[in-house]
1. For region 68-106, give me each residue that is more than 11 Å from A125 (Cβ to Cβ) and in a loop (DSSP other than H, G, I, E, B).
2. Might you check whether a residue that is free of Cβ contacts under 8 Å to residues at least 24 places away in the same chain, surrounded by fewer than 16 Cβ atoms within 10 Å (Cβ to Cβ), assigned to a loop (DSSP other than H, G, I, E, B) and of a type outside the set (A, V, I, L, M) occurs anywhere in region 107-127?
Amino acid sequence: MKYIIALNGKKYEVEVEKGQATAVYAGPAEPVTTQAPTAAPQAAAAPAAAPAPAAEGLGDPVKAPMPGTILDVRVSVGQTVKEGDILFILEAMKMENEVLAPKAGTVTSVLVAKGASVTSEMTVATIQ
C-alpha cells in the first residue's frame, strides 16, 4: 500500500509491503482524495511487521545528525529511554553511526523505519 505523508513541510511517498517500509521524497504531492470501498470490508486485516512512520508526537525532537539511511530502529513508541541510549543506527558515508537519546524520557513518536533515507536535521523521533 502507498501512503503520502507530510513531515517537516515536505511530502513523502511511503510504500509498505510485506512488513517492509521505504520512504522516497515525492516532491509536492497532488491532493489525496478518498473513496468509499466498493468491495465488502474484510473481517480483520493482518498487522504489518513494520508499521509506517507515525505523525510527530509531543516532546523534544531527535534529529538526524547527517544525511543517510536508517539501518536499524531500536526503539518504539511508548518505550522509556535514558540519556545516551541508542535509538537508531544511521549509515552515512559507508559508516554506521549511532543516533543517541539526547535526554531521558518516553519515546512519543518514531518517524522513520528501517531502510528510510533521512536528511541532515530531519526529525526521526520525539522524546517527552
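Only the coordinates and a few stated rules stand behind these numbers; no lab work does. These numbers were taken from a predicted model, which means no experiment stands behind them. Ideal geometry is used to build each Cβ from the backbone, glycine not excepted, and the neighbour counts take in all protein chains shown.
1. Within region 68-106, G78, K82, E83, G84, D85, M93, K94, K103, A104 meet the criteria.
2. no
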